[in-house]
1. Taking K226 as the residue in question, decide whether it is surrounded by fewer than 17 Cβ atoms within 10 Å (Cβ to Cβ) and without any contact (Cβ under 8 Å) to a residue 12 or more places away in the chain.
2. Only one residue in D384, D347, D304 is touching a strand residue (DSSP E or B) at 6+ places or on another chain (Cβ under 6 Å), more than 24 Å from F211 (Cβ to Cβ) and among the charged types (D, E, K, R), so which one is that?
3. Could you list, ordered by first residue, the pairs with Cβ atoms under 7 Å in which the first is in the stretch 406-417 and closer than 15 Å to G321 by Cα and modelled with pLDDT of 95 or more and the second is in a helix (DSSP H, G or I) and of a type in the set (D, E, K, R), at least 6 apart or interchain?
4. State all residues of the stretch 344-372 that are outside any helix (DSSP H, G or I) and touching a Ser or Thr at 6+ places or on another chain (Cβ under 6 Å); if no residue qualifies, say none.
5. Among the numbered criteria (1) surrounded by 15 or more Cβ atoms within 10 Å (Cβ to Cβ); (2) of a type in the set (D, E, K, R); (3) closer than 29 Å to S337 by Cα, which single criterion is violated by D470?
6. Could you run through the stretch 136-171 and say how many residues are open to solvent by 40 Å² or more (accessible area, probe 1.4 Å) and of a type in the set (V, I, T)?
7. What helices (runs of 4 or more DSSP H) lie completely within the stretch 1-107 and have 1 or more residues being modelled with pLDDT under 70 and loosely packed, with under 12 Cβ neighbours inside 10 Å?
8. Counting just the residues of the stretch 239-255 that are of a type in the set (G, A, S) and out of contact with any His (no Cβ under 7 Å at 6 or more places or on another chain), which one comes out most open to solvent (accessible area, probe 1.4 Å)?
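The values are calculated or read from the model by the stated rules, or taken from the named source; none is laboratory data. Only a predicted model underlies this, so the values are computations on that prediction, with no experimental measurement involved. Cβ coordinates were reconstructed from backbone atoms using ideal geometry, including for glycine residues, and neighbour counts include every protein chain displayed. Just so you know, the surface numbers come from the protein's heavy atoms only, side chains and all, with ligands and any DNA or RNA stripped out. Shrake-Rupley method; radii C 1.70, N 1.55, O 1.52, S 1.80 Å.
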Amino acid sequence: GCVLVVSVIEQLAQWHNSTVKAAVERLCNYLPGKYRILCHVLRRIDREMNADVVCHSLKLCKQDPGQPLCHLYTPPKVSWAFPLVFQSCRLWKKSFVAFSSVCTFPLLSNLCEKIKYVLRNKLPFEDFDGDKYSTFPTLRGYHWRGRDCNDENSTMYPGRRPDNWDVESDSNCNGIWGVDPKDGIPYEEKFCKGAGSQGVVLLGDSAGAHFHIPPEWMTVTQMSAKSFANLPMAFTDELDWPQFSEITGFLNSTIGGWTDSLYLRLRRRNRCNHRDLQNISQNGGSSGNLLYLIKSLARNQLLDNPAIVIYATIGNDVCNGNRDTLAHMTTPKEMFSNVVQALQYLDSRLPNGSHVVLTGLVDGRFLWDNLHDRYHPLGQLNRDITYSQLYSFLDCLQVSPCSGWLTRNETLRNLTSERALQLSSVLKEIARAETFTNFDVFYMDFPLRQTAEEWRKMGGEPWQLIEPVDGFHPSQIAAALGTSITWQKLLQEWPQALGKENPFNNQIEAIFKDQGGH
C-alpha cells in the first residue's frame, strides 16, 4: 500500500511537471469528501524518492533476517538507508502508521465499524427487519441481494412465494401485485402461477463477487476527480462489484465492458423472477471457508421459491501466498468433505425442486502466459514495471494472491494446475454419485478456454480478459462472455435448471410501462 501511494504521487509530479508537494495536493483534490482526511498524512511527502526506499525507511516494508529484499522498482545504486532519506522519513513515520490504521480517523471510524460488522457476518448492515435483505446498496446490501421492498416487515422479501397472490401488497418484491380490474384476478396469480419462478444464488470467491480495482486510480495520465468518484462505493463493497457480476449482475457496467448475467437471463425468461438473487461470495473464498459463509443464505424451505445455486470457488483452493504453496493447497480428500458438507447444508435450506451447479477450477496458467511481459498500469508511464515484476514483488512480501500461478517457475505453475484439475475431478464425481432430497446436481468446467476463443473471434486479445490492476481476476468482458457460454451449455445439457419461458412476459412489461413501473 505504501509503495502504491508513493508511486502514484511521484508519477503525478512527473506527468504534470510539478513538485512532489504540488502532486500531493493534486491527488488530495481528487479524493472525495471525507476521504481527504488521509491527506494529513500524504502532505508529509515533500521530496522525490524511490517508492521502495521511502517505504523501507518508514519500516512499513522490511527485510527480515535471511529473507530477500522486496522491491518493485530497480534498487538505487546507493545504500537504501542513506541519511537524507531517513531524516526526511522519520518526521512523518508516525503519520504513515496512522495512515495504515485509517479507522482511527474520527470521520472514518463509524464507517470502519460498519465494514467490520459486514466482514464478520456477511449480512446487510442496514436490515431493520432482519430478513437478510436491505434497501441500502452497499455494505452487503442490494448490490449483493435483491432489493427489499419493505424493510420494516420481515415477511416481505425477494424470492418468497406470494402471500394470498399478493392481492394487497408485494410480498415477494417482484413488482407484481394487486388485482386486474378487468376480471378481478390477482396479477400475481394471472402471470406467475405455474411459471416455475426461481431465484439464483452464487456461492463463490472474489471472482464471483467481481473484485475490481479501477486502473484510473493509479494511471496518472487518466487521473482526475472523476476517477475517484466511485471510491466510497467500492470501499463499502469490499472492492467488489457484484452488481455487474457474471451470476448476479443487474446494473449496466460502469467499469468497462457490459453486463450480462445468469440472473438477467433468468429474469428475461420469466419476469416473475425479478429481484430474486443472492451473491454469497467473499474475497479469498474457498471450499473451506465457504462452510461459514453459506450460513448467510436467505432461503425458507416452506415459504420460498426454489433456486438455482452456482457453487464456484474457482481458484483459492490452490491459491495462497505461502512460500511452500503446494503444502497449503486443499487436498482432494478435503475438497470432497468440504463440498459435501456444503451440499448437505443446502439440502436443509433449499426448497424442493432447486438445482445446484458445481463449477470446476480455472487453469490459471492463462494469467502468466498472457500478462507476464506486459506493463502494469503503474509501469505504463515509464515502461518500468511489468506484471512479472509485480508478481515477484507480491510473492516476496508473501501476499501474492496465488504463488503457484503468478510465478516465473513453470514447474510450479504446472503442478498448481495439476492440483486444480484433481479438485475439479472431485466436483465432477460428487455431481455424478451424490444425491440429495431437494435438488439435483450438475457439473460444468470453468469456461476459460471457450471465453478466450469467443473473444478472439470478436477481435479481442486474451490479456483483456484479466483485471489490469491485480493481474489475477476475470475482467468485466470475461464475466459477460462467460455468462453467454454458461447459459448455452445449461440450455443444451441441463435445460430443466433454467425453468420455462413465461408466456406473459410481454404483458407484464406492458402493464409496468402503463403504470409507470409499478
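1. When the stated conditions are applied, K226 passes them.
2. Selected residue: D304, the only one of D384, D347, D304 that is touching a strand residue (DSSP E or B) at 6+ places or on another chain (Cβ under 6 Å), more than 24 Å from F211 (Cβ to Cβ) and among the charged types (D, E, K, R).
3. Qualifying pairs under 7 Å: L406/D395; T407/D395; T407/R413; R413/R365.
4. G360, L361, D363, H372
5. Going through the list (1) surrounded by 15 or more Cβ atoms within 10 Å (Cβ to Cβ); (2) of a type in the set (D, E, K, R); (3) closer than 29 Å to S337 by Cα, D470 breaks only (3).
6. Of the residues in that region, 2 qualify.
7. The qualifying helices (runs of 4 or more DSSP H) are 83-90.
8. S253
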